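The structure appears right after this line, and notes come after that.
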Amino acid sequence: MLVKSASFITSAPALASCPPSEWPEIAFAGRSNVGKSSLINCLLNRKGLVRTSSTPGRTQLLNYFAINEALYFVDLPGYGFARAPRSVREKWQPMVHGYLEGRESLRAVIWLLDVRRDPSTEDLEFLDWLEENEIPTIPVVTKVDKVSKNKLGRCLTKIANSTGLEKELLTPFSVQTRQGHKEVWELISMSLDPEA
Ligand SMILES: Nc1nc2c(ncn2[C@@H]2O[C@H](COP(=O)(O)OP(=O)(O)OP(=O)(O)O)[C@@H](O)[C@H]2O)c(=O)[nH]1
Ligand SMILES: [Mg+2]
C-alpha cells in the first residue's frame, strides 16, 4: 500500500472511547518490547510517528493511527511486563480483550513474537484466546536481524512447534533490514479485502 498520509489520532483507555469505526482497522499485539511500535513506524515509513522505547511497558492505551484516511492501525499495550505496576497489569486484560471482542471494524490482529525468545505462557494464552474468539491473526516474528540466516530457520521451527502454527504462516520481520515489509503489507491487504 502506498502510504500517502499517516497520523496519530487518539489514545483510548477502553473500547467505549475509541473513535467512530468509520474505517477498517488492524491491531498490533504482543508482549512488551517485542517491537509493535517499531513495526508500525516501519510499515508507515515514518520514523518517529509511534513512540518506541527500550523500556518495556511504555504503551498503555489503545493508540490510534489513521492511514490515507481509509484505515486505522491500533497499537495495543504489550503484555508480560513483570515490572509494570499491578494497577497497569490488571487493566490490560479488560482493556485489550474488551477492545478485540467488541470492535466490529477490526479486520485482523498482527501478533508479534521475538525471534530470539521461546513463546511465553502469556503468548500462548493470548494466541489461544484469539483462536477461541475467532479473531483473524497474522503472526509476525520480529527482530530477525538479530539472528543469522541459518539460525532463523531453527528459531521459526521452534516457534511453530510451541505455538502449533504452521511455519509457513510465520512472517519474519526486521525494522533494521526491512525484511518482511512487503509481506506484512500483503497480509494486511488480504485481510482488508478477503475477496480479492
Ligand atoms: N534489532 C532490532 N531491534 C528492534 C526491532 N524492532 C524493535 N526493535 C527494538 O526493540 C525495542 C522495543 O521496540 P518497540 O517497538 O518500542 O516495542 P513495543 O512492542 O512497542 O513495546 P511496548 O510499547 O513497551 O509494548 C526498541 O529498542 C526497538 O528499537 C528490529 O526489527 N530489530
Ligand atoms: Mg510500543
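Values in this text are rule-based calculations from the coordinates and carry no lab data. Being a predicted model, the structure only gives us computed values, none of them experimental. All Cβ positions, even for glycine, are placed from backbone atoms using ideal geometry, and neighbour counts span all protein chains on display.
Miscellaneous remarks
- Formal net charge of residues neighbouring ASN41 (Cβ-Cβ distance under 13 Å; K, R +1; D, E -1): +4
- For the pair ASP193 and SER53, label points projected 7 Å from Cα toward Cβ lie 3.8 nm apart.
- Remark on the chain: Rg and Dmax equal 15.7, 46 Å (Cα only).
- Cβ-defined net charge surrounding LEU2, 15 Å radius [Lys, Arg +1; Asp, Glu -1]: +1
- Computed extension length for ASP128-SER11: 39.5 nm, one decimal, from 0.36 nm per residue of separation with the Cα-Cα distance subtracted.
- Nearest-0.05 FRET efficiency for SER21 and ARG178, computed from C-beta distance (R0 35 Å): 0.70
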